[in-house]
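The values are calculated or read from the model by the stated rules, or taken from the named source; none is laboratory data. All figures in this text were calculated on a predicted structure; none of them were measured in a lab. For neighbour counting, all protein chains shown are included, and Cβ atoms are generated from backbone atoms with ideal geometry for every residue, glycine included.
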Number of protein chains: 4
Amino acid sequence: MSRFQPKNPDYRAIAIATFEQQRAMKTLGISIARLEPGEVDLAMDYSADFTQQHGFVHAGIITAGLDTACGIAAFTLMPAATGILTVEFKTNLLAPARGERFAFRATVIKPGRTLTVCEARVYATRDGAETLIATMSGTLMALAARESVATDRAGVPA
Amino acid sequence: MSRFQPKNPDYRAIAIATFEQQRAMKTLGISIARLEPGEVDLAMDYSADFTQQHGFVHAGIITAGLDTACGIAAFTLMPAATGILTVEFKTNLLAPARGERFAFRATVIKPGRTLTVCEARVYATRDGAETLIATMSGTLMALAARESVATDRAGVPA
Amino acid sequence: MSRFQPKNPDYRAIAIATFEQQRAMKTLGISIARLEPGEVDLAMDYSADFTQQHGFVHAGIITAGLDTACGIAAFTLMPAATGILTVEFKTNLLAPARGERFAFRATVIKPGRTLTVCEARVYATRDGAETLIATMSGTLMALAARESVATDRAGVPA
Amino acid sequence: MSRFQPKNPDYRAIAIATFEQQRAMKTLGISIARLEPGEVDLAMDYSADFTQQHGFVHAGIITAGLDTACGIAAFTLMPAATGILTVEFKTNLLAPARGERFAFRATVIKPGRTLTVCEARVYATRDGAETLIATMSGTLMALAARESVATDRAGVPA
């Protein structure tokens, strides 16, 4: 049970639709594993196509999963007819991104009318053991439907 | 002319080799545009495969370019037989990542024996005009050759 | 000459008044050294009262100067009857904060209707030589006059 | 009960001594409320001397408490004869820092031989109710006793 009450009764369908519009998620092989109000888990299998010089998953790819997990988690709590932008995020890399599978787990820390703050962690599964490999804290922004994503504001689509 | 003096006379060949070992760079279509001691520019063409829900490049993909630009910039100043890890980075997203081409420009702010701090910016080119779309500040760590990337330390391969 | 055009012709008086309302600045001995549209320099003398265990200025105090420099720089570009909030910042500490005097230099990177992104650097002067000791990137938010600072939004007064 | 096993049996005495050497803590009225291996709580009473323009505690002062909480938490897990540096931190401000009393709660997320990553939160107590007002993620660095704090490395005393 999530501790959040969504404002949009269709939050689930809209969050899934937004996720599926992210072609990067399909290309990276990332899927939704769990979706509750304010909480999203994503899953990704290892792919050698997205590795760095030691054969581990690249930090930017790890960040892509963390960012989308945060964005969708924040989006579930926004009113209908709202767009979502990522304002900023910080990633701390704790251990090599090696494993067969990766779980991105995001939760809203502070929802807000304009800005929502999320935290996320990513765990690698390797030989059956799960290791925390990175953390994110990030700020997401709600964009009213009447506002273009091309406005002068800082903050851009997730 | 860079203001930095590299410790490793082979810095250029080793930096390029490390970049080329990052399979993620090849998959994302990112290449080296300029490489000087402590300064690296990367270039990426737009690809719909790596977009978010509005058709702009995903923030994680933008971050991948920024992170590798920072990592290679830091690496050029490290001694021979050193590995390189990303410790952390923060990305501020300033404008939508739309354009035909993206330029990632990283520079070392503070080189160090153990830790190096870099800053990077990414510019989108669209219809001939260049726009700053995101910034990164990040910390990179030198890893002595005798140390395994599997050590207990926080900080992981870029 | 600043590259920014302020929206509020009284930006200077209002920015200075806001700075002077920050009692923390007076307590820390921080003053305005330069104020242009989108650019602010602050100055602080060393005080043993605000040191950490090695006698250098505490990173939180350094951050206080960086944050206010960013906040006032952002504020100079906002319309009249607007409040200003700090949303987030990240500080990288590059060298010990030792010296007789510290200069905080902030500049707006991306102004926006709602969010403004700033960067700042702090330099220590010691025996006549100036050293870069820390950097900040931060996000500031404009708050319309009709909105209370007690709204549900994330983002709080600087 | 902490989940961490300290390497230094004297961790408590040394952590307290390091805290007490931070004159900034005394000046800000911050004290240790709880200290376990890898976990530290600090407490601070409201003081008008450290406020911003709305009378709330300045974000830099909040950051000072968060940073020291993280630094001492990391320090409890380091071996004897080690110094501690803050490398970087990021603070997200979630709500105004108003209240009679503030609790800073830090925990180590990933200890390491060289780098330790911590997270911290600060809660304001106002009229008996506690509100989460800010979060920090930060990186701390162990400094071997033989190394001067004046080394060329990035990373500086907390």
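In table form, for the structure just shown:
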item: Every residue from the stretch C:113-145 that is basic (Lys, Arg) and either closer than 19 Å to C:SER31 by Cβ or buried (at least 24 other Cβ atoms within 10 Å of the Cβ) (or both); result: C:ARG121
item: Failed item in (1) at the interface with chain D (Cβ under 7 Å from one of its Cβ atoms); (2) at pLDDT below 95, with C:ARG146 passing the rest; result: (1)
item: Residue match in the stretch A:17-30 (condition: over 15 Å from the mean Cα position of the chain (by Cα), surrounded by fewer than 24 Cβ atoms within 10 Å (Cβ to Cβ) and at the interface with chain B (Cβ under 9 Å from one of its Cβ atoms)); result: yes
item: Test: residue in the stretch D:104-119 that is over 22 Å from B:VAL108 (Cα atoms), modelled with pLDDT under 95 and in a strand (DSSP E or B); result: no
item: Residue within the stretch B:94-101 that is modelled with pLDDT under 95 and among the charged types (D, E, K, R) present; result: no
item: C:THR91 being at pLDDT 95 or above and of a type in the set (S, T, N, Q); result: yes
item: Set C:ILE61, C:ILE14: member being of a type in the set (A, V, I, L, M), surrounded by 21 or more Cβ atoms within 10 Å (Cβ to Cβ) and either modelled with pLDDT of 95 or more or under 9 Å from C:THR76 (Cα atoms) (or both); result: C:ILE61
item: Scope the stretch B:102-146; condition of a type in the set (D, E, K, R) and touching a Gly at 6+ places or on another chain (Cβ under 6 Å); matching residues; result: B:ARG126
item: Some residue of the stretch D:31-52 being buried (at least 24 other Cβ atoms within 10 Å of the Cβ), at pLDDT 95 or above and more than 15 Å from the chain's Cα centre (by Cα); result: yes
item: Among the candidates B:THR51, B:THR107, B:THR86, B:THR68, residue that is among the hydroxyl-bearing types (Ser, Thr, Tyr), over 23 Å from A:THR68 (Cα atoms) and in contact with a strand residue (DSSP E or B) (Cβ under 8 Å, 6 or more places away or on another chain); result: B:THR107
item: Count of residues meeting criterion [of a type outside the set (A, V, I, L, M, F, W, C), in a loop (DSSP other than H, G, I, E, B) and touching a Gly at 6+ places or on another chain (Cβ under 9 Å)] in the stretch A:67-95; result: 1
item: Considering residues of the stretch B:33-72 that are in contact with an Asp or Glu (Cβ under 6 Å, 6 or more places away or on another chain) and aliphatic (A, V, I, L, M) only, the residue nearest to the other protein chains (Cβ to nearest Cβ); result: B:ALA59
item: Enumeration of residues in the stretch B:84-121 that are among the hydroxyl-bearing types (Ser, Thr, Tyr) and at the interface with another protein chain (Cβ under 9 Å from one of its Cβ atoms); result: B:THR86, B:THR91, B:THR114, B:THR116
